[in-house]
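Okay, structure first, notes after.
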């Protein structure tokens, strides 16, 4: 038998996996028959297998014995068998490569699935955050809309109340007009009675005139005395006030000096603290400068990205500024609308007042014109007679008073008689009516001025309505600008975020250095703020000291001025007392003459008592009407106060309404931004979920592919083993063939088909 080389030991040693399996197949051909025997041993390692195989008999003897005792008929074509083995081996290698590729794909796709799951979680978190922001903004918008509705309801109620109050004013003004008409009618009746009384009292006119004059003089004297007493009391009170003011100023000087001393002690303490704080600030500033250098060095590595971010941010800021300006324009326009509405209300109120004031003025003008047309001739004639009498009285003696009563109490009989006669004549032409061309002209000017003011106010109201329309258009235009710029800003914001996420890892180092710098700057700012506070405190104390010195100077100056004024007042009191005593003596003489005149006309008064009683009834009615007018006027004043109050409330509500609307615009913008973020987040989440689904589907396909590849590899292994089992036909000169197979569970077949010499067997 021919010897074959041994299997190189390294072929087994390098395959040092545990549980090495060694199989031996022997084909022995004897004549036309081929016999096959197989044995398999499992070893703990390759070294153990080598040792056993080296002994020879304990491994190979069983095979030799089996060959001699086993007879198997077989018709084996060795060439075909070897072809089958080669084909099965090639198919196995292809299947193994497919399995390795499928396993690699599965591993890669597992990583892709994990990454996709992480991305889905991140996108879900971003979506949740965007939805929370949107919910908060929508909640605030709902609150603002409710507030706006409440304010609008309140404004409507107040406007209704305002209109009701205006109606009440109109009603009261109507009452006043009717009362004035009644007064005019009753006044005519009084005039008729006065004419009758005048006719009955002609005989006593001279005495009555003197009595009236004397009484008037007495009243003027009494009034003069009262005024002098009042002035004396006033001057004495003023003097007492000046004395009190001097005492107060002296106390103020004392207090100011004490305050200055306290403030100087405080200033010295603060100055010491300022020195200490400044030293600490200088030391900390040096550290800030050093740390700033470190931060600048780190920041250079990310400058390029930051430049792009800054450029986009500048565009964003510009857009936001445009949005803010548009929002501000909206608020300003709304304010202008509100102001114009309030001004229109004020104009309407003024117009109503002027329109209501015109009617009574025009009615009064018509009455004055009628009275003047009926009584003017007689009035002028009577006035001429009175003037002539006055001239004669003036020629008779020097006068001491406006009524031309001589100082010696003597009467200029002829002149006074003519004056009286003139008065009677004038009364006969319309006594007590007081009609004059000048008064009619004045009333006409007043009516004309009121009408001009009405025209101006109505023109102003039209102008204010035009302003409102213009500002409504401005608000619509601004809202369009806000919508466009908001959309642009959203795109820019997304790009900025992408750029920020692309910044290199050195950002962390920069953040740490910046954090340290910020801490240093914060400390520096705190110390600097403390230094500023101390400096401000010291400045305030200096200012307070200066204020106290000013108080002292002002008080001292005031004391001197008050002393001068007291001296002046003492002189005035002495002079006023002298004038009062003189007036009192004159009043005594006047009162004696009045008593004499009253006794002389007492009898004549009884004759006209009845007419006066009737006249008094009418005057009482007039007084009642005037009381009605006064009460109505008072109610009108109260109603106008109520109108002002309601107008103020409307203004406050409109201001709050405008503030709420402005905030609603801002919140609406926030909602739009939040909705855009939610939509974008949902889009990104959908993309991530789709990517995850695709990755999971691909991984499932990979799992199926691996399983299928493993099945195919197993099939190919089985096929190869069967082919080798059936095709081991490497026959020596005597027709014998030996095959050795080495394998383990982890790596499959390690060596196969090696021809070897069988030690100790003779095979």
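The values are calculated or read from the model by the stated rules, or taken from the named source; none is laboratory data. Here the structure is a predicted model, which is why all the values come from computation and not from measurement. Cβ coordinates were reconstructed from backbone atoms using ideal geometry, including for glycine residues, and neighbour counts include every protein chain displayed.
Restricting to segment 462-500, give me the number of residues that are closer than 30 Å to residue 347 by Cβ, free of Cβ contacts under 8 Å to residues at least 60 places away in the same chain and within 26 Å of the chain's Cα centre (by Cα).
Going through segment 462-500, the residues closer than 30 Å to residue 347 by Cβ turn out to be 462-479.
This time we only want the ones that are free of Cβ contacts under 8 Å to residues at least 60 places away in the same chain, so: 462-463, 466, 469-470, 473, 476-477.
Now narrow it down to the ones that are within 26 Å of the chain's Cα centre (by Cα): 469-470, 473, 476-477.
Qualifying residue count for the region: 5.
Do the conditions hold for residue 580, that is, is it over 17 Å from residue 213 (Cβ atoms), out of contact with any strand residue (DSSP E or B) (no Cβ under 6 Å at 6 or more places or on another chain) and in a helix (DSSP H, G or I)? Taking the combined requirement at face value, the residue satisfies it. Looking at segment 595-606, which of its residues are under 25 Å from residue 224 (Cβ atoms) and either without any contact (Cβ under 8 Å) to a residue 40 or more places away in the chain or surrounded by fewer than 15 Cβ atoms within 10 Å (Cβ to Cβ) (or both)? 595, 596, 598 - these are the residues of segment 595-606 that are under 25 Å from residue 224 (Cβ atoms) and either without any contact (Cβ under 8 Å) to a residue 40 or more places away in the chain or surrounded by fewer than 15 Cβ atoms within 10 Å (Cβ to Cβ) (or both).
Here is a list: 488, 519, 524. Which entry is touching a helix residue (DSSP H, G or I) at 6+ places or on another chain (Cβ under 8 Å), within 30 Å of residue 273 (Cα to Cα) and assigned by TED's automatic domain parsing to the domain that holds residue 322?
524
Take residue 290 and tell me if it is modelled with pLDDT of 80 or more and over 30 Å from residue 477 (Cβ atoms). Full working, then the answer.
Numbers: modelled with pLDDT of 80 or more: yes; over 30 Å from residue 477 (Cβ atoms): yes.
Spelling it out, residue 290 is indeed modelled with pLDDT of 80 or more and over 30 Å from residue 477 (Cβ atoms).
Residue 556 meets the conditions (1) at pLDDT below 80; (2) over 35 Å from the mean Cα position of the chain (by Cα) in every case but one. The failed one is (1).
With 145, 138, 170, 152 as the choices, which residue is assigned to a helix (DSSP H, G or I), in contact (Cβ under 8 Å) with a residue 40 or more places away in the chain and not assigned by TED's automatic domain parsing to the domain that holds residue 635?
On the way: 145 fails: not assigned by TED's automatic domain parsing to the domain that holds residue 635; 138 fails: not assigned by TED's automatic domain parsing to the domain that holds residue 635; 152 fails: not assigned by TED's automatic domain parsing to the domain that holds residue 635.
One residue alone meets the criteria, 170.
Within segment 83-105, the set of residues being surrounded by 15 or more Cβ atoms within 10 Å (Cβ to Cβ) and at pLDDT 85 or above is empty.
In the list 497, 524, 533, which residue meets the criterion of being under 30 Å from residue 663 (Cβ atoms) and part of a helix (DSSP H, G or I)? Give the steps one after another, and end with the answer.
Details: 524 fails: under 30 Å from residue 663 (Cβ atoms); 533 fails: under 30 Å from residue 663 (Cβ atoms).
Criteria check complete, one pass: 497.
Taking segment 351-361 as the range and being touching a helix residue (DSSP H, G or I) at 6+ places or on another chain (Cβ under 6 Å) and either under 30 Å from residue 655 (Cα atoms) or not in a helix (DSSP H, G or I) (or both) as the test, the residues that pass are 351, 354.
Residue 179 meets the conditions (1) in contact with a helix residue (DSSP H, G or I) (Cβ under 9 Å, 6 or more places away or on another chain); (2) surrounded by fewer than 16 Cβ atoms within 10 Å (Cβ to Cβ); (3) in a helix (DSSP H, G or I) in every case but one. The failed one is (2).
Yes/no per residue for (1) modelled with pLDDT of 50 or more; (2) over 30 Å from residue 168 (Cβ atoms); (3) in contact with a helix residue (DSSP H, G or I) (Cβ under 9 Å, 6 or more places away or on another chain):
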{"position": "323", "(1), (2), (3)": "yes, yes, yes"}
{"position": "332", "(1), (2), (3)": "yes, yes, yes"}
{"position": "363", "(1), (2), (3)": "yes, no, yes"}
{"position": "370", "(1), (2), (3)": "yes, yes, no"}
{"position": "373", "(1), (2), (3)": "yes, yes, no"}
{"position": "383", "(1), (2), (3)": "no, yes, yes"}
